[in-house]
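Read the structure below first, then the notes.
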Amino acid sequence: MEATKTAQEARKNTRATIIKKTFPVLEMSCAACAVSVESMLKETAGVQDAGVNYANQSAWVAYDPAVTKPELLRQTVQSIGYDLVIEDEEEARRQQEASQQRRYETLKRQTIGASILAGIVVLLGMVVMELFPVNHTVLNWAMLLLSAPVVFGFGSQFFVNAYKQGRHGRANMDTLVALSTGIAFLFSTFNTIYPDYWTRQGLDAHVYFEASAVVIAFILLGKFLEERAKTNTGSAIRKLIGLQPKLVRVLVDGIEQDIPASQVTIGQTIVVRPGERVPVDGRVLNGQSFVDESMISGEPVAVGKQAGDRVFAGTVNQKGSFQFTAEQVGSQTVLAQIIRRVQEAQGSKAPIQKLVDRIAGVFVPVVLGIAVLTMIVWLIAGGDNAFSQGLLAAVTVLVIACPCALGLATPTAIMVGVGKGAENNILIKDAESLERGRQVTAVVLDKTGTITEGKPDVTDWFWAAQPAQITLYRSVLFSMEAQSEHPLAEAVVRSLSAQPIDRVPLSAFDSLTGQGITAVVNGERFWVGNKTAVTARGLVIPAQLNTQVDNWQSEAKTVIYFLNETHVLAALAIADRVKDTSRQAVATLQKQGITVHMLTGDNTYTAQAIARQVGITSVKSDVLPADKAEFIKQLQASGQIVAMVGDGINDAQALAQADLSIAMGRGSDIAIDVAQLTLITSDLTAVPRAFDLSRRTVQTIRQNLFWAFIYNLIGIPIAAGVLYPAFGFMLSPMIAGGAMALSSVSVVTNSLRLRSVIL
């Protein structure tokens, strides 16, 4: 009460700043464990909300630091038998990896040991006892001595965890295992020590040592296989983390020194040699090279780097060496943000998972109730062997009902799906976004930067000058446009720079409002500008060039003229090129049954020309940002589930309105925090691939839930004995244990199939 009161006062007196952190959780063994940890965290004073992901063994907590601290959260989790790693990110990851490795090795040893001893017990109980005339009492004692280490040695974790849960009035899978195997073992021990108790009543003193030992062995085997399979679901994260170099070569007083990447500070000078990865984000100080940035931009062609250019952590230096200044380090680099986003998405919960969590939370108490009911029914209507049969049935119910597979069904599919997306340059913000993608019925595309390159480029040239003079005129045009600040001038300079060219000295350079630019070269005046510049000089455009210009303009291209005082020397067409894959992306979306719309603030002429090139029939031009959002509202009002694809900043209003927002990002321009899906590539085909991934992931989740439920739905009634009256069939606890283990392995294996799909 005192703590609660303190928390309330703190909220009143302090403007709480809720922070959200993710912590690795250790020692969780089933979905019910995750439910227990989550509910304990949520009940902690100062915690606003919390979520636990069993598949990746982590918990996110939104808490008020004025009320609680990570140390208190850790104590809360430790009180029910688990642990929370609260150290810094690198240390937390190291501890979690070490813990997982230890758990894997321990499970391996326990599984081998339990399997050997359980196998001997089965051999004694089901072969030797049946086929050879040996003393049963001796065999029973032998089986007791051999199964005790299996149940209470290799399987001690189940009893310890069940006790810790019980102290807080909770139950989980360990409770089921401890109860089932413990009861079977104690019952068998009683029959071994006091067999006369049953024989005096005319009954056989059956023992079930083999059942308790084999159940433990099977469950350990299932956990061992599950642990091994789970390590593969996080492979995407490990690949991303592997892109970060461990050591960095920095310059200190002119001397190169290797230091850990975690010790690099902003402002340090870093040396990168050919073949090495760039360790942090920064700006090139000196040197030249080509850098493969495909892991961030998705572009396959290496990018040239020189002084002043930005470089990003994880990219690969191909040729040449350079030095750069560190500007973003640690968690601030673009790569770290991508890793964090993938981790958060893998740890988030899809809407379907919330339903599964509620089921998992009540599943164990319900199963305990069914087991008790089974025992009671058998005692009432079970006949001569009512107690032993009822006990066996109750034990089998407890064994087969473990909800482990249920807890793995959704998170493992989400983890693999999000990782698969990251491998295909699709960053998914959360599981809900991944699940929603399959529901999209309409896609609204921005034009510039989404369908087109977003960067004007020279597409066509026409020289009216004499061939012998063209080289000189190219140099003049290049020198003039290099002086201009007009956006289209950059395209001209870039186009001319593709081939060797010399600058020429300019004089009397001037900008003519509404016309273009002019300059004098070696006493001759030149102009670069629009048609007004031509007519203002009183010049006539040659008929052949005029025809060509008409063709360009019909394709919505902007035409620039280059002239001197007497002639039009050249004309060139500039356009924002349609990306090579845009038409294919639109066609694929349409094949998926999705209606594609294009919205642009550009004029109707250009918009229609672009739409024709990519096969879009629904076009709206001259629209403002608010008009885009209104258009999406209208689509939604007509029942459409709308995805908006834009650059994440200019289309923010429309992105916010859409049911699913998708940002096209490239390199430093990645709008990671803007959209629900970010495509770290300029390739628009990533959009239909993202929807395809969504469909396959949800399909996998449904398959997983089938595999998780089918064993329980079929197994629990059979385990309780519903077939016994008609067929005399009782399910063995050993088979129940095998089925339970197989259920978990089926779910994880099915999720891993997502890794091999081709999007």
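The values are calculated or read from the model by the stated rules, or taken from the named source; none is laboratory data. What you are looking at is a predicted structure, and each value in this text was computed from that prediction instead of being measured. Using ideal geometry, Cβ is built from the backbone for each residue, glycine included, and neighbour counts are taken over all protein chains shown. Keep in mind that these areas ignore ligands, DNA and RNA; they rest on the heavy atoms of the full protein, side chains included. Shrake-Rupley method; radii C 1.70, N 1.55, O 1.52, S 1.80 Å.
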How many residues are closer than 30 Å to Ala468 by Cα and open to solvent by less than 10 Å² (accessible area, probe 1.4 Å) when one looks only at segment 570-591? 5
Residues in segment 38-70 that are at pLDDT 85 or above, assigned to a strand (DSSP E or B) and either of a type in the set (Ser, Thr, Tyr) or more than 21 Å from the chain's Cα centre (by Cα) (or both) total 4
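Does at least one position in segment 556-566 carry a residue that is touching a residue at least 24 places away in the same chain (Cβ under 8 Å), in contact with a Lys or Arg (Cβ under 6 Å, 6 or more places away or on another chain), closer than 30 Å to Ala686 by Cβ and crowded, with 19+ Cβ neighbours inside 10 Å?
Checked against the condition, which is being touching a residue at least 24 places away in the same chain (Cβ under 8 Å), in contact with a Lys or Arg (Cβ under 6 Å, 6 or more places away or on another chain), closer than 30 Å to Ala686 by Cβ and crowded, with 19+ Cβ neighbours inside 10 Å, segment 556-566 yields no hits at all.
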Which ones in segment 117-134 are open to solvent by 90 Å² or more (accessible area, probe 1.4 Å) and without any contact (Cβ under 8 Å) to a residue 60 or more places away in the chain? Leu123, Glu130, Leu131, Phe132, Pro133
Mind counting the residues in segment 438-468 that are in contact (Cβ under 8 Å) with a residue 60 or more places away in the chain, assigned to a helix (DSSP H, G or I) and at negative phi? 6
Tabulated pairs, segment 488-500, first over 17 Å from Asn530 (Cα atoms), second among the basic types (Lys, Arg), C-beta under 7 angstrom, 6+ apart or interchain: Leu496/Arg474
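This table checks each residue for (1) at pLDDT 85 or above; (2) under 30 Å from Ala171 (Cα atoms).
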{"site": "Met295", "(1), (2)": "no, no"}
{"site": "Thr315", "(1), (2)": "yes, no"}
{"site": "Phe322", "(1), (2)": "yes, no"}
{"site": "Gln328", "(1), (2)": "yes, no"}
{"site": "Gln337", "(1), (2)": "no, no"}
{"site": "Gly347", "(1), (2)": "no, yes"}
{"site": "Pro351", "(1), (2)": "no, yes"}
{"site": "Lys354", "(1), (2)": "no, yes"}
{"site": "Ala360", "(1), (2)": "no, yes"}
What is the one condition in (1) touching a residue at least 24 places away in the same chain (Cβ under 8 Å); (2) open to solvent by 10 Å² or more (accessible area, probe 1.4 Å); (3) within 38 Å of the chain's Cα centre (by Cα) that Phe187 does not satisfy? (3)
Okay, helices (runs of 4 or more DSSP H) sitting entirely in segment 380-437 with 1 or more residues that are at pLDDT 80 or above and more than 30 Å from Leu679 (Cα to Cα), I get 386-400
Here is a check on your reading of the model: is Val540 surrounded by 15 or more Cβ atoms within 10 Å (Cβ to Cβ) and either at pLDDT 90 or above or over 35 Å from the mean Cα position of the chain (by Cα) (or both)? no
Kindly indicate whether any position in segment 145-159 is touching a residue at least 40 places away in the same chain (Cβ under 8 Å), within 24 Å of Pro24 (Cβ to Cβ), touching a Ser or Thr at 6+ places or on another chain (Cβ under 8 Å) and surrounded by 15 or more Cβ atoms within 10 Å (Cβ to Cβ). yes
All conditions in (1) hydrophobic (A, V, I, L, M, F, W, C); (2) surrounded by fewer than 21 Cβ atoms within 10 Å (Cβ to Cβ); (3) out of contact with any Pro (no Cβ under 9 Å at 6 or more places or on another chain) are true of Ala178 except (2)
Quick check on Leu684: is it touching a strand residue (DSSP E or B) at 6+ places or on another chain (Cβ under 7 Å) and open to solvent by less than 20 Å² (accessible area, probe 1.4 Å)? no
Residues being modelled with pLDDT of 90 or more and more than 16 Å from Phe187 (Cβ to Cβ) - total across segment 133-149: 4
Filter segment 378-392 for residues that are without any contact (Cβ under 8 Å) to a residue 60 or more places away in the chain and open to solvent by 30 Å² or more (accessible area, probe 1.4 Å) and give the result. Leu379, Ile380, Ala381, Gly383, Phe387
Any idea which residue in segment 519-535 is surrounded by the fewest Cβ atoms within 10 Å (Cβ to Cβ), counting only those that are in contact (Cβ under 8 Å) with a residue 12 or more places away in the chain and more than 21 Å from Ala573 (Cβ to Cβ)? Asn522
